[in-house]
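Q: There's a structure below that I have some questions on.
The values are calculated or read from the model by the stated rules, or taken from the named source; none is laboratory data. This one's a predicted model, so the numbers in the text were calculated from it and none came from an experiment. Cβ sites come from the backbone with ideal geometry, for glycine too, and all protein chains shown count toward neighbours. Only protein heavy atoms, including side chains, enter the accessible area calculation; ligands, DNA and RNA are left aside. Shrake-Rupley method; radii C 1.70, N 1.55, O 1.52, S 1.80 Å.
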Amino acid sequence: MQQISETTWMRATAGNIAADYAQGYTDLVAGFMRGRPTWRTFHDSLKSASPAEVAELAASRRAESLAFLVLMMTGVCNADCGVCFTDRKRKPNELNADERDDLLAQAAALGAQYVYVPGEGEPTLDKGWWRFLEACRDLDLPAIVFTNGMIFGDEDLSRRTWGLSPLEAAKKLADYPVYLYSKYWTPDSKLAARLLGVPERRHAYGQVDGVPVPLGLQTLMEHVPRERIGIEVCVERRNADDVLETLVPFAEKHGLAQLVEMMQHNGRTFGDPSYDMTDAQADAVAGLLSPTSCTLGTCKAVVTVQGYLSPRIAVLESQLPGDRARVVGQDFYRLLHESPYIVERRYNLACLCETIPAELAGEKVDLREVYNVTPPALARVTAVEPEPVGAAVGVAVKSIQDADPGGCGVTGGCSACKSLCSQH
């Protein structure tokens, strides 16, 4: 499910560029397009178009301007992972169910293909968990949720939280469009308890084909369609070898999706290198790292647990500016294009989750080898080249009267077309 096609990215990004251009961020969006040959024609068309034409183009793309929504649920968590950058606390003004329903509906209207829930805390502990899934079902909006999975292996916790057994809860998931990434950081149950910062008895292990796995993951694998289950692993010094030797091979054997990620040096882990892999470990796992969503910053939106817009998943609410925008009761699209700290970072595809904390600290921090893993489908269109070459890809506006129709058969040629194609 966690896929965005090149076409989706291009169309959504073009719509946002037009909207931001119309708002006066001309230099900002020009800086993004400059050096990217696939945007040369679009850039030229914007410069030659009238303000009314740019506004019309932006309006025509409003309903496909958001590729996906990143939504944080409750801040509370029943684990205490050493590498986690959050504080594990429930926040005083977390979005309630009604506010979340409205946000999901607005996101779907803007074209969101799914809602991505990384969880500032543990999403399954949110008081509105099942209502959230109901809203996703009603909107036909798949939910990709990251969970430590402990609730699906803990009878007491599951019954206290949901009034259901882990088995009943896992079976109930079949009624909703939800895809779960469950933490599987090591096959060693004792090490897992240390990594997650919990008593071993609260994170029981079972087995699948003789391989030790968290009991919660085992429950999900036995009762949820396999194509809707994945593993998530944050790689650090203590489990890097397990990723190579056990976790990835296990996921591949059983048809599980995988998200292998590096830790974020932010929050309580800022400036703490104690969890970092050795150079040898980093080299060994580099090829297994999952693509990040940083290159999708041009067409995604991040909403924090209290409902504030954030430029990236791991940028904390305390790191947002004083004029931060809250989505409650607001036109979501308008906020996305009228909030300067969001627009100004929309086209910065760097690792803001690490660079923003460093900037705020006012220190020169060594961010050694910080880089993003670009999704293969987007590598060409997001790359910056010093000398633009090759075919240009853009969006035609009415002021382009003499463009080559490209042989696609659109009446009126490119000047009448509002879509992207391989030629333009």
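Q: Which is the longest part of the chain that has none of the GluC sites (Glu not before Pro) sitting in a DSSP loop with at most 13 other Cβ atoms within 10 Å?
A: 1-362
Q: OK, next. Of all the accessible heavy-atom surface of region 213-262, with the other protein chains kept in place and a 1.4 Å probe, what percent is carbon and sulfur?
A: Numbers: 880 of 1910 Å².
On region 213-262, the fraction of accessible area on carbon and sulfur atoms equals 46 percent.
Q: Considering only the other residues whose Cβ falls under 10 Å of the Cβ of LEU167, what net charge follows from Lys and Arg at +1 and Asp and Glu at -1?
A: With Lys, Arg at +1 and Asp, Glu at -1, the neighbours total -1.
Q: Given the chain, what count of lysine pairs have C-alpha atoms under 26 Å apart, with each pair 8 or more places apart or on different chains?
A: Lysine pairs meeting the criterion: 23.
Q: Calculate one ³J(HN,Hα) per residue across region 260-265 by plugging θ = phi - 60° into the Karplus curve 6.51 cos²θ - 1.76 cosθ + 1.60, and present them in order as whole Hz with x for glycine and proline.
A: Whole-Hz 3J(HN,Hα) from phi for region 260-265: 9, 10, 7, 6, 9, 7.
Q: Among bridges DSSP assigns within region 108-231, what percent are antiparallel (round to 5)?
A: 25 percent
Q: If each DSSP helix of 4+ residues adds -39,500 (n - 2.57) and the sum is divided by the residues in the chain, what number results at 222 nm, nearest 500 deg cm²/dmol?
A: On the way: 16 runs with 142 residues, N = 424.
Mean residue ellipticity, 222 nm, calculated: -9500 deg cm²/dmol.
Q: Taking K and R as +1 and D and E as -1, what net charge do the other residues with C-beta under 11 Å from the C-beta of CYS299 add up to?
A: Combined, the nearby Lys, Arg, Asp and Glu give +3.
Q: Still on this structure, please answer the following. Counting only heavy atoms of protein chains, what accessible area per residue, in Å², does region 117-246 have with a probe of 1.4 Å?
A: 39 Å²
Q: For the chain, give the share of DSSP beta bridges that are antiparallel, in percent and rounded to the nearest 5; count only bridges with both residues there.
A: Given both bridge residues lie in the chain, the antiparallel proportion sits at roughly 25 percent.
Q: Counting only protein chains, not ligands or nucleic acids, how are ARG228, ARG312 ordered by accessible area (probe 1.4 Å), most first?
A: Correct descending sequence by accessible area is ARG228, ARG312.
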